[in-house]
Amino acid sequence: GIAIAATPEFSWCFLFLALNTIISSYLYSTKRTKEAVIINVCRGLIFDPVIIMALPVLLGGYIVWFTAGIAEILTLAAALALLKHSEKGGITFR
């Protein structure tokens, strides 16, 4: 029923989820654990809950299907900023 009909509204978030996972994995593998943890905390504890709780109240219930993607896009923006900042002086293995 409803979940099948809303799959296209939800499934686009997997593109951004994958990019966030790749960036986080890259940061972990280059020993920039702090930056990788920040990305994962943003995804799981900050952006997801805030977006899921706020947007349906502001824009109606149907927007809930888009909230995961919006949270992933915000996380991607933060991840790209962290990645750029962490590579200012070149890639160094600490």
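The values are calculated or read from the model by the stated rules, or taken from the named source; none is laboratory data. Bear in mind the structure is a predicted one, so any value in this text is a computation, not a measurement. Quick reminder, even Gly has a Cβ in these numbers, built from the backbone with ideal geometry, and neighbours come from all protein chains shown. Note: areas computed on protein heavy atoms with side chains; ligands, DNA, RNA excluded. Shrake-Rupley method; radii C 1.70, N 1.55, O 1.52, S 1.80 Å.
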On the protein heavy atoms, probe 1.4 angstrom, tell me the percent of accessible surface of the chain carried by carbon and sulfur. 77
Most mobile of Gly60, Gly44, Gly69 per a Gaussian network model of the chain (Cα springs, under 10 Å)? Gly60
Per its Cα gyration tensor (rounded if a/c is under 1.5, else prolate when a/b beats b/c, else oblate), segment 1-53 is best filed as oblate
Given a 1.4 Å probe and heavy atoms of the protein chains only, how would you sort Ile23, Ile4, Ile46, largest accessible area at the top? Ile4, Ile46, Ile23
Could you tell me, in Å, what Rg and Dmax come out for the Cα atoms of the chain? 15.3, 52
So which GluC sites (Glu not before Pro) in the chain are both in a DSSP loop and have at most 16 other Cβ atoms within 10 Å of their Cβ? Glu87
Calculated FRET efficiency for the pair Tyr28/Thr7, C-beta based, R₀ 30 Å, to 0.05: 0.45
Tell me the angle of helix 64-86 to the major Cα principal axis of the chain, expressed in degrees between 0 and 90 and rounded to the nearest ten. 10
Tilt of helix 2-11 relative to the longest C-alpha principal axis of the chain, in degrees (0 to 90, nearest 10)? 30
Accessible area (Å², per residue) of the chain, counting only protein heavy atoms and a probe of 1.4 Å: 62
